[in-house]
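Take a look at the structure below.
The values are calculated or read from the model by the stated rules, or taken from the named source; none is laboratory data. None of these values were measured; they are calculated from a predicted model. Cβ coordinates were reconstructed from backbone atoms using ideal geometry, including for glycine residues, and neighbour counts include every protein chain displayed.
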Amino acid sequence: MNAIAGTGKARLVVQTWVGSRLLLAAVAVWVMSHDGKSLTDVLANWDVQHFLSIARDGYTEANSIAFFPGWPLVLRLLSWTPVGAVVGGTIIAIVCGGVAAAALYRLAGAPAAIAWLLAPTAVFTFVPYTESLFCAAAFWAWERASAKQWPAAAVLACVAAGVRVSGLFLIGALGLLALTQAGRARERLARVAWLVLPLLVVGAYAAFTIWKTGDPLGWYHAQEAGWARSLSTPLDCLKNTIAAAQPGAYGDHPEWSWVFRGELVSVAVGVIVTVICLVRKRVAEAAWVLVQLVAFSFSEWFMSVNRAVLLWFPLWTNIGDAVEHWPSSRVRTVILAVVVVVALAVQCVWGWLFFTGRWAS
């Protein structure tokens, strides 16, 4: 009976993955039809253009050094195939989204995976962004590390570290997990030693940025110049974001204020998740979320936290645990149904923002 029930839950995760991706595809098709846009127009907005440029020409554009090379390399390889970089990158993103959901299923069951698939900013796991590949590698790295399979975890962390700077935070969180897992001191040090591999990946890119720019802080300065991520205090960061979130703050682009309000909500969610993890004595998971919140806080304003929520597997595993332990009842079914409908609606709106070229975080 347990095996049958498990099969049913796994099937529900697959159905959610397929259904939510089809819904985003429907939004993209509607935008193409309504606005007269091409497939590339709707899929290749914002950072996708930077990835494509690096894939095609290397690090030639100003501030392109802000992007790690893993994903542009994938797109370059895809550009040599009949499907091309944009469509191929979308296919890889969709598949990797399913792989990431599978890891969450292993970590905390079907509700965790389903919650992640229904995330408001799931459009970034549908288009050629780094989120899907990073989450697939990072979530499975955590799953393997939790099972004390550290060689596999280290290799997966190498993939994550080659895709985006968040890989550095992942290495730190994995290090805490290695030290807090049961075992003798020698065993703990052996686990930590495996993390030298992904550290070498980060170190190699750091060396490349120094060689390319002549600036030891080249990556940070590229972020500062290209995305207004100049150094600020957390209090000023909060004040600036609250001001940007006010209705009418951007008359020509009202959606900007919506997104900034989302950033504030995402930060609050991150704080709550950090506290919950600490209460549950999951120190490494708390550190994974907290270090990202701290990094975002020393900027001019909170930006891209809405997307970073996709990386916070402790959020989704805690949601999964809460749903699993919620006693079955008619009220529970109704509430969950309403939440799913609302989540899909928000997901469609966020997809519309991205597909129409509006700022979507």
(message) Looking at the structure I just gave you, is SER328 at positive phi and either modelled with pLDDT under 95 or of a type in the set (Asp, Glu) (or both)?
(response) no
(message) Residues to consider are ILE91, ILE114; find the one that is aliphatic (A, V, I, L, M) and touching a residue at least 40 places away in the same chain (Cβ under 8 Å).
(response) ILE114
(request) Could you tell me whether the stretch 45-59 includes any residue that is closer than 15 Å to LEU353 by Cα and not hydrophobic (A, V, I, L, M, F, W, C)? (result) yes
(message) Within the stretch 107-207, considering only helices (runs of 4 or more DSSP H) that don't extend past its boundaries, which have at least 1 residues that are over 28 Å from LEU344 (Cα atoms)?
(response) 131-146, 150-163, 166-180, 185-194
(message) Going residue by residue through the stretch 137-144, is there one that turns out to be among the charged types (D, E, K, R), within 19 Å of the chain's Cα centre (by Cα) and within 30 Å of ASP41 (Cβ to Cβ)?
(response) no
(message) Every residue in the stretch 208-231 that is in contact with a helix residue (DSSP H, G or I) (Cβ under 8 Å, 6 or more places away or on another chain), surrounded by fewer than 16 Cβ atoms within 10 Å (Cβ to Cβ) and outside any helix (DSSP H, G or I), please.
(response) ASP215, PRO216, SER230, LEU231
(message) If VAL275 satisfies all but one of (1) among the β-branched types (Val, Ile, Thr); (2) under 15 Å from the mean Cα position of the chain (by Cα); (3) exposed (fewer than 15 other Cβ atoms within 10 Å of the Cβ), what's the number of the condition it fails?
(response) (2)
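Conditions (1) touching a Cys at 6+ places or on another chain (Cβ under 8 Å); (2) under 19 Å from SER132 (Cα atoms); (3) outside any helix (DSSP H, G or I), marked per residue:
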| position | (1), (2), (3) |
| --- | --- |
| LEU290 | no, no, no |
| VAL323 | no, no, no |
| TRP326 | no, no, yes |
| VAL340 | no, no, no |
| GLN347 | no, yes, no |
(request) Output yes when any residue across the stretch 60-75 is touching a residue at least 40 places away in the same chain (Cβ under 8 Å), β-branched (Val, Ile, Thr), farther than 30 Å from LYS212 by Cβ and in a helix (DSSP H, G or I), and no when none is. (result) no
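Per-residue answers, yes or no, for (1) hydroxyl-bearing (Ser, Thr, Tyr); (2) assigned to a loop (DSSP other than H, G, I, E, B); (3) within 24 Å of the chain's Cα centre (by Cα):
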position: ALA25; (1), (2), (3): no, no, yes
position: ALA28; (1), (2), (3): no, no, yes
position: THR40; (1), (2), (3): yes, no, yes
position: ASN45; (1), (2), (3): no, yes, yes
